[in-house]
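*Asks:* Would you mind keeping the following structure in view while I ask a few things?
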Amino acid sequence: DGFTAERLFNQGYSYTYDDVIFLPHYIDFPADSVQLGTKLSRNIHLSIPCVASPMDTVTESSMAVAMASLGGIGIVHSNSSPSDQAAHIRFTKSRRIPFVSDPIFKSPSDSIGSVDEFAASPCVLVTESGRANSKLLGYVSKSDWVHLSDKESRISNYMVNSPVSVPASYDFERVAGYLAAEKRDFVATVNDGEVVDVVTAADVERIRGLPRLGVPSVGADGEFMVGAAIGTREQDKERLEHVVKAGANVVVLDSSQGNSSYQIDMIKYVKRTYPELDVIGGNVVTAYQAHNLIQAGVDGLRVGMGSGSICTTQEVCAVGRGQATAVYKVSSIAEQSGVPVIADGGISNSGHIVKALVLGASTVMMGSFLAGSNEAPGAYEYQDGRRIKKYRGMGSLEAMTKGSDARYLGDTAKLKIAQGVVGAVADKGSVFKFIPYSMQAVKQGLQDLGASSLQSAHDLLRSRVLRLEVRTGAAQVEGGVHGLVSYEKKSF
Ligand code: XMP
């Protein structure tokens, strides 16, 4: 019944996720026992198959911290100076708790009136410089600054001089235990004598109320794992040095067409210079492209060309491939060399994640799926009464003006042509909520297919046990919600 993947994907059609559907198989285990543990690259293990894309409206330190604490990983974008990118990496690695609180820092000589009366934080941390990463001197509680009438008065007059702190290396349970034992509302976290953040009792309560987290992604150094995007130009060698010094666990060579002499040279350079560092190449969509990068020594392959929600590459350049076909074709060859595949772009629901993983990917990389979350960079705005966040393609003119043109243009290109758009996505709340629910949905999808792990899904597909079909236009309509006058779209 149905087609094997081999037969379906060898007919000369470019299929995307929505075109295909799996036929159910046989269930003999509960969904909760499905294992989502996987590999990002040869040497990087993750407990969930989720990767935040290196885009400047998706992954900076806040997203990287969140993804690592959930058991996935974030790749910090390179559309900034090497030192800014390195700062995001260092910041991510200085954390062991799932969130970034963004506390208020002041110096003793600042006035009480300089503190925003409506700030949500329960305290102001007083440091030598009035900024983070400086010696902690004390704190002022919110009740003090809100009720004071003398706004000109100095912070030092009201500061509690006995600053309480815990090492930033404490994980969530340890900090929560400390706050409970000491009956405190907040505590500063300190790294090498310098204050990094504050954790409040309200933060602890919020995290406890969320769905259970997976095993956090922690490297051999005991710190959160984080990746860095770099390009393939000569100056990217300097960027590479910055991000490696900052502690990046893996680098991603960021290019829309990865099968190039520039990328092959860069892969060899990275492996020669930092033999211990995993390097992910791409993007590729064919077995031929993948073969070349595998030969050059990549530890992971990023798959997708023009399938992203903000991409116009296929329209502008007439090059690319349907994402389901691309993931299947590249995975087929990468698997033979033990190189994990990242299915990059085109993920807009948990069903797409299941399809990508079963067709051979080890992880999915997401842009728009994560862009409207609290953890994505940028502030929320309102558009027609809806809360939205900006999301833009790295090949949009706006992003390229900031420097991301290396991904889309050669060194010599004088005229900039956009391969992406600038847009906005709806507020999605916190990744701590929707990622665990999405992962539960993925487990149920794998259970329907009789796959108790990602490896077992790959094996069932290759051994022709799993069967698929192409959905006609009408079947796709039938597979979505239809025939209702209205409905509320709520998944959890
Ligand atoms: P999603 O669908 O998750 O896609 O939003 C994210 C992926 O899209 C790629 N990307 C682009 N591709 N023009 C393109 O052709 C662009 O401007 C652009 N920006 C990002 C990238 O692979 C990302 O992970």
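The values are calculated or read from the model by the stated rules, or taken from the named source; none is laboratory data. All values reported here derive from a predicted model rather than from experimental measurement. Quick reminder, even Gly has a Cβ in these numbers, built from the backbone with ideal geometry, and neighbours come from all protein chains shown.
*Asks:* Considering only region 153-163, state which residues are surrounded by fewer than 17 Cβ atoms within 10 Å (Cβ to Cβ) and either out of contact with any Leu (no Cβ under 9 Å at 6 or more places or on another chain) or among the acidic types (Asp, Glu) (or both).
*Replies:* Ser153, Arg154, Asn157, Val160, Ser162, listed by residue number.
*Asks:* Output yes when any residue across region 369-389 is at pLDDT below 90, within 13 Å of the ligand (Cβ to nearest atom), assigned to a loop (DSSP other than H, G, I, E, B) and not small (Gly, Ala, Ser), and no when none is.
*Replies:* no
*Asks:* Collect the residues in region 346-368 that are within 14 Å of the ligand (Cβ to nearest atom) and either over 25 Å from Thr57 (Cβ atoms) or crowded, with 24+ Cβ neighbours inside 10 Å (or both), keeping them in residue-number order.
*Replies:* Selection gives Gly346, Ile347, Ile353, Lys355, Ala356, Ala361, Thr363, Val364, Met365, Met366, Gly367.
*Asks:* Just to be sure I understand the filter: pairs with C-beta atoms under 6 Å, separated by 6 or more residues or on different chains, first member in region 341-352 and under 22 Å from Phe492 (Cβ atoms), second member more than 9 Å from the ligand (Cβ to nearest atom) and among the small types (Gly, Ala, Ser). Which pairs pass?
*Replies:* Ser350/Ser438; Ser350/Ala441
*Asks:* Moving to a separate point now. Filter region 324-350 for residues that are out of contact with any helix residue (DSSP H, G or I) (no Cβ under 6 Å at 6 or more places or on another chain) and under 25 Å from Gly372 (Cα atoms) and give the result.
*Replies:* Hits for region 324-350 are Ile342, Asp344, Gly345, Ser348, Asn349.
*Asks:* Check Ala296, Ala334 and return the single one that is surrounded by 24 or more Cβ atoms within 10 Å (Cβ to Cβ), more than 11 Å from the ligand (Cβ to nearest atom) and either without any contact (Cβ under 8 Å) to a residue 24 or more places away in the chain or more than 28 Å from Tyr391 (Cα to Cα) (or both).
*Replies:* Of the residues listed, the single one that is surrounded by 24 or more Cβ atoms within 10 Å (Cβ to Cβ), more than 11 Å from the ligand (Cβ to nearest atom) and either without any contact (Cβ under 8 Å) to a residue 24 or more places away in the chain or more than 28 Å from Tyr391 (Cα to Cα) (or both) is Ala334.
*Asks:* Select from region 220-246 the residues that are within 16 Å of Lys93 (Cα to Cα) and surrounded by fewer than 16 Cβ atoms within 10 Å (Cβ to Cβ) and list them in ascending order.
*Replies:* Residues satisfying the conditions are Ala220, Asp221, Gly222, Lys245.
*Asks:* Among the residues in region 16-30, are any closer than 19 Å to Phe224 by Cα, within 16 Å of the ligand (Cβ to nearest atom) and in contact with a Gly (Cβ under 7 Å, 6 or more places away or on another chain)?
*Replies:* There is no residue in region 16-30 that is closer than 19 Å to Phe224 by Cα, within 16 Å of the ligand (Cβ to nearest atom) and in contact with a Gly (Cβ under 7 Å, 6 or more places away or on another chain).
*Asks:* In region 405-427, which residue that is within 13 Å of the ligand (Cβ to nearest atom) and among the basic types (Lys, Arg) is modelled with the highest pLDDT?
*Replies:* Looking at residues that are within 13 Å of the ligand (Cβ to nearest atom) and among the basic types (Lys, Arg), I get Lys416.
*Asks:* If you scan region 189-218, which residues turn out to be buried (at least 16 other Cβ atoms within 10 Å of the Cβ) and either free of Cβ contacts under 8 Å to residues at least 24 places away in the same chain or not in a strand (DSSP E or B) (or both)?
*Replies:* Ala201, Asp203, Val204, Ile207, Leu213, Gly214, Pro216, Ser217
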